[in-house]
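Only the coordinates and a few stated rules stand behind these numbers; no lab work does. Treat the numbers as computed from the prediction; the structure is a model and nothing was measured. No Cβ is skipped: glycine too gets one built from the backbone with ideal geometry, and neighbour counts run over all protein chains shown.
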Amino acid sequence: MTSDKVCPTCKGNKIIAGNCECNAEWRSNDKEEEIQDCQCEPDTECPQCRGKGYIE
């Protein structure tokens with residue numbers, strides 16, 4: 001039996017997925033003429049467990 005616990009911050013996923021927000025007011029066209037109306041944050045490594053998914 002180990003003393004490791006699932007990290008409560010990332011719930012054992014090792015990374016925290018970036019949030020995406022979409023709004024038609026942000027709509028713009030890129031070089032390929034695709035409609036962009038969402039802004040997303042990048043995924044980040046969990047700061048509490050340092051990407052392990054558990055706390056030692």
- Name the long-range amide H neighbours of Tyr54: under 5 Å, sequence gap of 5 or more, or other chain; modelled H, no Pro or chain starts. Cys7
- Query: What are the ³J(HN,Hα) values, in whole Hz, obtained from phi via the Karplus relation 6.51 cos²θ - 1.76 cosθ + 1.60 with θ = phi - 60°, for each residue of region 39-53 in sequence order, with x given for Gly and Pro?
  - Reply: 10, 10, 8, x, 5, 10, 6, 4, x, 6, 10, 6, x, 8, x
- Item | Around Cys49: net Lys/Arg minus Asp/Glu count, Cβ-Cβ under 12 Å | +2
- Message: So, R0 is 35 Å and r is the distance between the beta-carbons of Glu56 and Cys20; what FRET efficiency does that work out to, to 0.05?
- Response: 0.65
- Query: Ile15: net charge of surrounding residues, Cβ under 13 Å, Lys/Arg +1, Asp/Glu -1, itself excluded?
  - Reply: +1
